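The values are calculated or read from the model by the stated rules, or taken from the named source; none is laboratory data. Note that the coordinates shown come from a computational prediction; the quantities given were computed from them, not determined experimentally. Counting neighbours? That spans all protein chains shown, and the Cβs are built from the backbone with ideal geometry, glycine included.
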Amino acid sequence: MTQAARVTLSRFLIEQQREGGNLPPQLRLLIEVVARACKAISHTVNKGELGGVLGSLGSENVQGEVQKKLDVISNDILLEANEWGGNLAALASEEMEAIHLIPHRYPKGEYLLVYDPIDGSSNIDVNLSVGTIFSVLAAPEDASQRVVTEQDFLQPGFRQVAAGYAIYGPQTSLVLTFGQGVFGFTLDREVGSWVLTRRNIMIPSGNREFAVNMSNQRHWAPPVRRYIEDCIAGRDGPRGVDFNMRWTGSMVADIERVLTRGGIFLYPWDDREPDRAGKLRLMYEANPIGMIIEQAGGMAIDGRDRILDIAPVGLHQRVAVILGAADEVEVARRYFSMPSV
Ligand code: P6P
């Protein structure tokens, strides 16, 4: 790609702000800050053993999951990058139980940021792709006159003003949406710039590839079991076509594949913890990814209902997730309306 043809993230955002009208200056600056923080996280992830950043801390996060060193390092990078900019009224993270208010010494802004600093962190120690997922919501209009609370974050996903993820893999890339299409950027490490490499990403239909953790099969509800059984039956079964399976253990890596070549991703409810709606978190995994998937022409449901319509009741609440190419998700959804045999 010639230097002249390259559109950096900064130029793209300024042009979006100028032409699109859906990117206010504070939101543009917020995205720049988050993207810069993801560059710093990428640099840290890429050091691996040499940076002493692998392994666990021996502590647990609010999810009751073992915290990796990079979970905390990445959370701190995003915190420090976003506190002083004046774009946020507060932020929240998978790694912090409560919301984080902007310190009084800094101005407060019009947005709320909620993120998973390192998603798929169990893959860090085995050198597989991990990522950062983030969601941007509007802060309450009176945020400058009162203390923002967790309740202000509990907005349904269709109210997100922006969403994105960074994936730290063979390349470091960034995928963004502001509600008018999905755009992909690749990190040019030599210059330190995010370069626009994909415009208006649309999920291909017709790809017969499903992503699910098959070891949970006996725990799924009957509709999911039947759907996956029929995929596995391939051309000998009711689908009449063979399927392939992928499962990386890192949502951002599986989503990058679905965005690029289609297929479906599932983390359905299972009976291991019947009271838990699912494993993935609504506010900083399912909602931002769901917005990206829908903006790329796909569908994102919890089995029956649209994920972005779910009214949140807790910052760290979990949800069942079935998302990907609209044609395939629609097939999966029909299994939930079939009479259970
Ligand atoms: P399992 C990572 O912990 C994560 O939240 C997602 O990134 C990933 O898709 C899923 O959980 C993997 O879960 O049960 O297969 O380890």
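Looking only at region 199-209, filter to residues that are within 18 Å of the chain's Cα centre (by Cα) and surrounded by 13 or more Cβ atoms within 10 Å (Cβ to Cβ); which one of those is farthest from the ligand (Cβ to nearest atom)?
So, considering only residues that are within 18 Å of the chain's Cα centre (by Cα) and surrounded by 13 or more Cβ atoms within 10 Å (Cβ to Cβ), the one farthest from the ligand (Cβ to nearest atom) is Met202.
Considering only residues that are touching a Gly at 6+ places or on another chain (Cβ under 6 Å) and either of a type in the set (Gly, Ala, Ser) or modelled with pLDDT under 95 (or both), look in region 123-158 and name the one that is nearest to the ligand (Cβ to nearest atom).
Step by step, filter region 123-158, then rank; the result is Asn123.
Just checking, which of Met299, Met291, Met338, Met283 is at pLDDT below 95 and either farther than 13 Å from Tyr227 by Cβ or among the hydrophobic types (A, V, I, L, M, F, W, C) (or both)?
Just a single option satisfies the conditions, and that option is Met338.
Evaluate region 222-237: report whether one residue or more is within 26 Å of Ile167 (Cα to Cα) and free of Cβ contacts under 8 Å to residues at least 40 places away in the same chain.
So far as region 222-237 goes, no, none of its residues is within 26 Å of Ile167 (Cα to Cα) and free of Cβ contacts under 8 Å to residues at least 40 places away in the same chain.
Which ones in region 83-122 are away from the ligand (no atom under 16 Å from the Cβ) and among the small types (Gly, Ala, Ser)?
Residues satisfying the conditions are Gly85, Gly86, Ala89, Ala90, Ala92, Ala98, Gly109.
Restricting to region 30-53, give me the number of residues that are among the basic types (Lys, Arg) and buried (at least 17 other Cβ atoms within 10 Å of the Cβ).
Of the residues in region 30-53, 1 are among the basic types (Lys, Arg) and buried (at least 17 other Cβ atoms within 10 Å of the Cβ).
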